[in-house]
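Q: What follows is a single structure, and I will ask about it in a moment.
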Amino acid sequence: MQRVYPKRINDLVKRAALRGVVSVPNANGKAASFLCGVSIAFTVRVDTESLRVEDAGFSTNGCGYVVAAAELLCDAISGTELFRLEGGAVLETRVNTELEDVPENRIHCVNLCFDALNSALEQFRKRRITTWEGDDPLVCSCFDVSESAIRKEIDTKGLRSIEEVGESVRAGTGCGSCQMTIGEILDL
């Protein structure tokens with residue numbers, strides 16, 4: 001019998017059969033492809049105090065490449081603090097390395113998983129922003145860092161880059177969506 005997928009993909013698909021969706025998630029994200037009719041939904045539960053991903057799961061009607069990439073993403077984020085995801089760069093490198101040679105016509109399958117996961121994490125950030133109770137604007141929803149906290153660090157420590165702000169107050173080191181705002185505060 002001929003295998004449809006490489007061994008690594010088959011192994012991940014078999015393992016993923018046990019995953020499923022997360023009970024009581026606080027982040028949900030979806031993505032779909034009109035190219036092949038695939039949809040995927042991620043469910044994620046993040047501890048709101050430590051900002052550590054407690055659990056992640058997915059459901060999809062996709063091919064083995066979608067399932068394998070989603071399985072690797074769930075493994076990669078489970079137990080990880082949001083700031084360690086570094087805006088997704090770490091995840092992308094890890095998943096692409098572990099999947100090895102994804103055929104050109106299947107790269108969209110892997111990217112679809114990133115889109116769905118980013119959608120879930122964006123929903124989590126939006127929820128944090130809407131529940132923010134600080135006196136001034138919230139810039140970094142991953143770590144609850146306000147604009148005044150960032151300005152204070154810039155003024156006191158003479159910070160000049162987004163990276164320096166991240167090292168000082170962690171803002172911009174989680175999902176990365178606030179880096180443009182931090183750049184504006186720095187007037188870059």
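The values are calculated or read from the model by the stated rules, or taken from the named source; none is laboratory data. For clarity, every value in this text was computed on a predicted model and none was experimentally measured. Using ideal geometry, Cβ is built from the backbone for each residue, glycine included, and neighbour counts are taken over all protein chains shown.
Q: Going through segment 59-89 one residue at a time, which ones are in contact with a Ser or Thr (Cβ under 7 Å, 6 or more places away or on another chain) and closer than 17 Å to residue 41 by Cβ?
A: Once the filter is applied, which keeps residues that are in contact with a Ser or Thr (Cβ under 7 Å, 6 or more places away or on another chain) and closer than 17 Å to residue 41 by Cβ, segment 59-89 yields 60, 61, 66, 67, 70.
Q: Hey, can you tell me all the residues within segment 1-20 that are among the aliphatic types (A, V, I, L, M) and at pLDDT below 90?
A: 1, 4, 16, 17, 18
Q: Also: Answer yes or no: is there a residue in segment 174-183 that is free of Cβ contacts under 8 Å to residues at least 12 places away in the same chain and either hydrophobic (A, V, I, L, M, F, W, C) or over 14 Å from residue 86 (Cα atoms) (or both).
A: Yes - at least one qualifying residue is present in segment 174-183.
Q: Looking at 91, 85, 51 in this structure, which one is surrounded by 14 or more Cβ atoms within 10 Å (Cβ to Cβ) and at positive phi?
A: Residue meeting the stated conditions: 51.
Q: More than 20 Å from residue 55 (Cβ to Cβ), at pLDDT below 90 and in the same structural domain as residue 32 (by TED's automatic domain parsing): which single residue out of 96, 105, 111 fits that description?
A: Just one listed residue meets the conditions, 96.
Q: Let me ask another. Filter segment 11-22 for residues that are out of contact with any Asp or Glu (no Cβ under 8 Å at 6 or more places or on another chain) and either in a loop (DSSP other than H, G, I, E, B) or outside the structural domain of residue 99 (by TED's automatic domain parsing) (or both); which is surrounded by the fewest Cβ atoms within 10 Å (Cβ to Cβ)?
A: That would be 18.
Q: Something else now. Are any of the residues in segment 136-159 in contact with a Leu (Cβ under 9 Å, 6 or more places away or on another chain) and either surrounded by fewer than 17 Cβ atoms within 10 Å (Cβ to Cβ) or closer than 17 Å to residue 41 by Cα (or both)?
A: Taking segment 136-159 as the starting set, the residues that turn out to be in contact with a Leu (Cβ under 9 Å, 6 or more places away or on another chain) are 142-147, 150, 153-154, 159.
Still in the list and also either surrounded by fewer than 17 Cβ atoms within 10 Å (Cβ to Cβ) or closer than 17 Å to residue 41 by Cα (or both): none.
No, every residue in segment 136-159 fails to be in contact with a Leu (Cβ under 9 Å, 6 or more places away or on another chain) and either surrounded by fewer than 17 Cβ atoms within 10 Å (Cβ to Cβ) or closer than 17 Å to residue 41 by Cα (or both).
Q: Tell me the helices (runs of 4 or more DSSP H) entirely within segment 27-141 that contain at least 2 residues that are farther than 23 Å from residue 14 by Cβ.
A: Numbers: elements: 64-77, 89-99, 107-130.
Result: 89-99, 107-130.
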